[in-house]
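The values are calculated or read from the model by the stated rules, or taken from the named source; none is laboratory data. Given the structure is predicted, the values throughout are model-derived calculations rather than measurements. Neighbour counts are summed over all protein chains in view; Cβ atoms, including those assigned to glycine, are modelled from backbone coordinates with ideal geometry. To get the accessible areas, we keep the full protein, side chains included, count just its heavy atoms, and leave off ligands, DNA and RNA. Shrake-Rupley method; radii C 1.70, N 1.55, O 1.52, S 1.80 Å.
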Amino acid sequence: MNQQGGRSKQIGVKEVKRQKIYVPKSMTTNQVMEKYGLKRGAAYRAGKKGFFVKNYSRPQVCVDPSKFNPDICYRIAGRVFKSNLSRDPVARSIREDLIQEAVKSMWEKSGLLKESKKYNINYQYYFVARNYMNSYLTKWKRQMRYYELFEDIVNAIQMGRRRAYDPVSGWMYC
């Protein structure tokens with residue numbers, strides 16, 4: 001990252017922060033919909049609870065380049081991979097993708113992490129990396145399972161096979 005005079009250059013990342021916005025209970029659902037641009041269900045719940053959280057369903061991104069050190073982050077991601085995922089053959093096959101996903105997530109969360117007496121930044125980065133690597137690996141496995149099932153079914157249909165039920169394997173084409 002280029003820094004000039006202690007200031008970081010502008011980074012082209014759109015930050016997404018969550019905010020708790022209070023809504024007066026006297027407002028009707030239609031008024032909340034107009035003022036805050038919410039859908040009917042969300043506006044109704046906001047009126048009942050008295051607040052809503054802006055950007056609740058979007059991933060929270062807050063980048064602070066001064067807290068992000070790529071060398072340390074790559075080292076942490078490698079350590080997370082070695083300690084948690086090195087015995088998984090699928091994880092070993094997509095090692096570079098997992099490490100890159102972890103570093104990307106550390107970059108996105110760099111502005112949200114705050115050093116405390118109990119936990120330093122590197123400790124927090126470790127858990128950010130571990131959580132994102134595990135979620136990426138789970139999604140990858142689920143997606144590959146879907147593609148394999150779909151490919152088997154398409155091949156069976158193209159070859160004109162019949163569908164039969166097997167108590168062990170379930171529905172199969174033979």
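Is it the case, given these coordinates, that LEU149 is within 22 Å of SER66 (Cβ to Cβ), modelled with pLDDT under 85 and either open to solvent by 100 Å² or more (accessible area, probe 1.4 Å) or not in a helix (DSSP H, G or I) (or both)?
So LEU149 fails the test.
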Seminar exercise, completed: Quick count over segment 15-40, residues being open to solvent by 100 Å² or more (accessible area, probe 1.4 Å) and in contact (Cβ under 8 Å) with a residue 60 or more places away in the chain, is 0
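Residues that are closer than 15 Å to TRP140 by Cβ: find the helices (runs of 4 or more DSSP H) completely inside segment 67-128 holding 1 or more of those.
It comes to 89-93, 95-108.
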Exercise. Taking segment 41-60 as the search range and keeping residues that are out of contact with any strand residue (DSSP E or B) (no Cβ under 8 Å at 6 or more places or on another chain) and part of a loop (DSSP other than H, G, I, E, B), which one is surrounded by the fewest Cβ atoms within 10 Å (Cβ to Cβ)?
Worked result: SER57
For this session: For PRO70, state whether it is touching a residue at least 12 places away in the same chain (Cβ under 8 Å) and open to solvent by less than 30 Å² (accessible area, probe 1.4 Å).
Result: no
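When you look at ALA77, is it small (Gly, Ala, Ser), open to solvent by less than 40 Å² (accessible area, probe 1.4 Å), free of Cβ contacts under 8 Å to residues at least 60 places away in the same chain and over 14 Å from ILE121 (Cα atoms), yes or no?
no
Residue by residue, here is whether (1) open to solvent by 70 Å² or more (accessible area, probe 1.4 Å); (2) farther than 11 Å from VAL80 by Cα; (3) modelled with pLDDT under 80 holds:
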site	(1), (2), (3)
ALA102	no, no, no
TRP107	no, yes, no
LYS117	yes, yes, yes
TYR126	no, no, no
